[in-house]
1. How big is D, in µm² s⁻¹, for the stretch B:13-79 by Stokes-Einstein at 10 °C and 1.306 mPa s if Rh is the Kirkwood radius over C-alpha pairs?
2. Could you give me D for the protein assembly as shown, from Stokes-Einstein at 4 °C and 1.567 mPa s, where the hydrodynamic radius is the Kirkwood radius over C-alpha pairs? Units µm² s⁻¹, please.
3. Which FRET efficiency, nearest 0.05, do A:Asp71 and B:Ile60 yield, Cβ-Cβ r, R0 45 Å?
4. Under a 5 Å amide H to amide H cut-off, with H placed in plane at 1.01 Å, what residues pair with A:Ile47 once short-range neighbours are removed?
5. Indicate the gyration tensor shape class of chain B (rounded, prolate or oblate), computed on the Cα atoms with a ≥ b ≥ c the square roots of the eigenvalues: a/c under 1.5 is rounded; otherwise a/b larger than b/c is prolate and the rest oblate.
6. Amide H neighbours of B:His78 under 5 Å, counting only residues 5+ apart in sequence or on other chains, H built in-plane at 1.01 Å?
7. If exposed means no more than 12 neighbouring beta carbons inside 10 Å and the site is in a DSSP loop, what's the longest run of chain A without any exposed GluC sites (Glu not before Pro)?
8. Taking the Cα centre of the stretch A:4-78 as the origin, how large is its charge dipole in debye, to the nearest 20, when only Lys and Arg (+1) and Asp and Glu (-1) carry charge on their Cβ atoms?
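Where a number appears in this text, it was derived from the coordinates with a stated rule and is not lab data. Every value quoted in this text rests on a predicted model; they were computed, and no experiment measured them. Neighbour counts run over all protein chains shown; Cβ positions are idealised from the backbone, glycine included.
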Amino acid sequence: DSGVTQTPKHLITATGQRVTLRCSPRSGDLSVYWYQQSLDQGLQFLIQYYNGEERAKGNILERFSAQQFPDLHSELNLSSLELGDSALYFCASSVESSGVPSSYNEQFFGPGTRLTVL
Amino acid sequence: KNEVEQSPQNLTAQEGEFITINCSYSVGISALHWLQQHPGGGIVSLFMLSSGKKKHGRLIATINIQEKHSSLHITASHPRDSAVYICAVRSGGGETSGSRLTFGEGTQLTVNP
C-alpha cells in the first residue's frame, strides 16, 4: 500500500458526460501528479500540482482540468468524454519539500481509476 | 523516436534465470525510475536513482549518466516477478520548478516455473 488513495476504482460512463476523479496523497506529500495510461499511448504525464498550485503541464487535453485543494487532495475533471478517453488514470504524490534534493523525491502511485467511456 | 526506449519489449524466462531489462533515454534528467505494474494494473515504484547502482533484494538497478542508459537486473527470477517493468525519466523537480515523468513503453516479463 503506497498510502495514496484514489476514488472511484472503476467508472463507466457515456460519451459527452463529465466525471471527477479524486486523489488523496500520502500524508505530508505536497505534490500530486496525474497520469493517463491508455492501450495505444501508454503512460503519459498529464499535470502536476504542488501545494495547491499548478506546477507543470503535460499532454492534458483542454477538456480536462485539475485542481489541488487546501487539504492537498486533488481532483481531475474530465468533460465532454470521448471513447478515446477510456484509460487508467493514476495519481502519484511526492514530498518535493525544501531541504530535500529533487533527486530524492520519489513518486508513490495510487491504485488508479479505470474509466470506461461507452 | 521516443525519448525513452526500453528493450526488450517482451521477455520470457525460466525460473532461476538472471534477467536484464535495458532503458536508454535522450533527454536531460534529474532521476530515473523503475516501476513495476502487475496484471491488476497497480504501479509500484522499485527504484529511483540518479547515479550509480541500487540493490533491493533480488533486484539491482544501475545507471550510467554519461551514456544515458540504465539497466534493471533480476537475479534468481521467480514466477511472481512476472509483470510489466517500466522505465521512466524525471525532468525538473524541486519546490520552484515543475517536474514530469516520461515513460518507456514497458517490458512484459513472464517467468515460467
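1. Numbers: Rh = 12.8 Å.
Roughly 124 µm²/s, to the nearest whole number.
2. Details: Rh = 18.1 Å.
Result for D is 72 µm²/s.
3. Working: r = 39 Å, r/R0 = 0.87.
Once rounded, the FRET efficiency stands at 0.70.
4. Under 5 Å from the amide H of A:Ile47: A:Trp34, A:Gly58.
5. Working: a/c = 1.89, a/b = 1.76, b/c = 1.07.
Here chain B falls in the prolate category.
6. Those lying under 5 Å, H to H, from B:His78 are B:Gly16.
7. On the way: sites that count: A:Glu62, A:Glu82.
For GluC sites (Glu not before Pro) (loop position, at most 12 other Cβ atoms within 10 Å), the longest site-free span of chain A is A:1-61.
8. Values: 7 positive and 7 negative charges, 32 e Å.
Taking the Cα centre of the stretch A:4-78 as origin, the dipole is about 160 debye.
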